[in-house]
Amino acid sequence: MSTVAERLKVLQGHLKHGQQASYFDSPKRFRFTLDNPRLTEEQRIFYEHNGYIVFKNLVPHHLLDGWSQHFRDICDGKVGRGQMMMMKDISLLKSLKAKDADSVKGERLYNKIQDVMWDEEFFKYIALPEIVDIVKCFTGPNIMAIHTMVINKPPDTGSDTSRHPLHQDLHYFPIRPADHIVCSWTAMEQVTRENGCLVVLPGSHRGSLYPHEYPQWEGGVNFAYHGVVGFDGHGRVHLTMDKGDTVFFHPILIHGSGANRTEGFRKAISCHYAASECNYIDVKGTTQDNIATEVEAYAMKKNKTSVDYKEIFHIRARLVNGKEVNI
Ligand SMILES: O=C(O)CCC(=O)C(=O)O
Ligand SMILES: [Fe+2]
């Protein structure tokens, strides 16, 4: 483990010799990845530097088709939703109150199903060896699923509410350390700039967690879609992906997604994994206070009991590999 003083000495050495100090000259070469042969040196360096890495065609298509059908069956009420949370786009909520309400149903109505980790069909994605083998490179062998979603972007209604503002997923998590959390996000069909692919700010995972607020969007903003401001000048990469491609990214990486301007449904399945050794922390009084208060109020309304934010995460987390530590 290197100390700040050691790092400073190396940097001073570079400067003295007129060289430009680079991130990889620091004594501890790898901070965001663990020693594991599943990642090549090149892949490891890419993630260390950029905070994300894409694996082409990682998830078999027949499995993705099955999960797409399962999503539609839940939306249509053919399969029980259990404890899963079904979310609707705000512009549709408005039109539901209008006279054309009947035309908005099924997968057109729901833009997200959350907490899919306890659904045995979706859990097959979460525990898929192709995914878990890569997750271990960030978390180590003991792995919990802490946040899970099937994200559906129905055709935008014209109000741009299918956009997802730039944000950092760690804003939502009362869990640390961040470096042992990773998201896997798999395209369930081709994702393009037209149907609202992910947009990432490479290298932003080396920053810190910033304050998040609801953006001031004319058409309204979906529940809990908080965003960061002030990153307009930062380089962006649009992650256009084919069906089955999977991106793994760090929870501090700033990312978002565009509106779906096609007539199709853009679906993705994703899971945030954390090392079982991670701790559940109190976020009161931090920049995460606003999301914690909002979600606690929602849980209170739904379950009529008050639950602390970190307990919400603790209770729903599900073991994926190895053993549970912080029970
Ligand atoms: O799939 C997307 O459009 C992005 C979703 C996302 O980043 C999130 O829900 O945190
Ligand atoms: Fe996100």
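The values are calculated or read from the model by the stated rules, or taken from the named source; none is laboratory data. Because the structure is a prediction, the values reported are computed rather than measured. Note: ideal-geometry Cβ built from the backbone for every residue, glycine included; neighbour counts use all protein chains shown. The protein model used for the area step is the full one, side chains on, heavy atoms only, and it has no ligands, DNA or RNA in it. Shrake-Rupley method; radii C 1.70, N 1.55, O 1.52, S 1.80 Å.
Things worth noting here:
- The single condition among (1) open to solvent by less than 60 Å² (accessible area, probe 1.4 Å); (2) modelled with pLDDT under 95; (3) more than 28 Å from residue 177 (Cβ to Cβ) that residue 70 does not meet is (2).
- Filter result (away from ligand 2 (no atom under 16 Å from the Cβ) and within 18 Å of residue 150 (Cα to Cα)) within segment 189-208: 189, 190, 192, 195
- Search result, residues across segment 167-218 that are within 17 Å of residue 294 (Cβ to Cβ), within 14 Å of ligand 1 (Cβ to nearest atom) and in a strand (DSSP E or B): 167
- Sole residue being more than 16 Å from ligand 2 (Cβ to nearest atom) and within 24 Å of residue 254 (Cα to Cα), chosen from 177, 129, 165, 141: 177
- In the set (1) among the polar types (S, T, N, Q); (2) away from ligand 2 (no atom under 15 Å from the Cβ); (3) open to solvent by less than 10 Å² (accessible area, probe 1.4 Å), residue 222 fails one condition alone, (2).
- Only residues that are open to solvent by 10 Å² or more (accessible area, probe 1.4 Å), within 14 Å of ligand 1 (Cβ to nearest atom) and at pLDDT 95 or above were counted across segment 119-166, and they come to 4.
- Scanning segment 289-312 for residues that are open to solvent by less than 80 Å² (accessible area, probe 1.4 Å), out of contact with any Pro (no Cβ under 6 Å at 6 or more places or on another chain) and part of a helix (DSSP H, G or I) yields a count of 12.
- Tally, over segment 238-286, of residues that are open to solvent by 50 Å² or more (accessible area, probe 1.4 Å) and within 16 Å of ligand 2 (Cβ to nearest atom): 1
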